[in-house]
1. For region 6-18, in order, what is each residue's ³J(HN,Hα) by Karplus, 6.51 cos²θ - 1.76 cosθ + 1.60 with θ = phi - 60°, in whole Hz (x at glycine and Pro)?
2. Using a 7 Å offset from the Cα along the Cα-to-Cβ direction at both residue 20 and residue 3, what is the distance between the two label points in nm, to one decimal?
3. Once the Cα gyration tensor of the chain is diagonalised, what are the square roots of 5 times its eigenvalues, in whole Å and ordered largest first, as equivalent ellipsoid semi-axes?
4. Can you show me the helix-derived [θ] at 222 nm for the chain, built from DSSP H runs with n ≥ 4 at -39,500 (n - 2.57) apiece and divided by the number of residues, rounded to the nearest 500.
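Laboratory data are not the source of any read-out in this text; all were calculated from the coordinates shown. Treat the numbers as computed from the prediction; the structure is a model and nothing was measured. Positions of Cβ are generated from backbone atoms using ideal geometry, with glycine treated the same way; all protein chains shown enter the neighbour counts.
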Amino acid sequence: MVTETERDGLIWYQCEVCGMLFDDREDAGKHEDNCDAEDPSYIQ
């Protein structure tokens with residue numbers, strides 16, 4: 001489930017699995033559907 005949070009006066013949508021923030025609820029939902037709670041491979 002995606003949670004809504006406010007930071008810096010903006011609404012962000014947070015993946016409850018890994019904590020990543022998105023500015024679009026739909027993007028957050030798509031991410032969370034595929035999230036394995038591990039660091040993404042593109043972050044080194």
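1. Values, residue by residue: 10, 9, 6, x, 10, 8, 10, 10, 10, 5, 6, 7, 10 Hz.
2. 1.8
3. Semi-axes, largest first: 18, 12, 8 Å.
4. Mean residue ellipticity, 222 nm, calculated: -6500 deg cm²/dmol.
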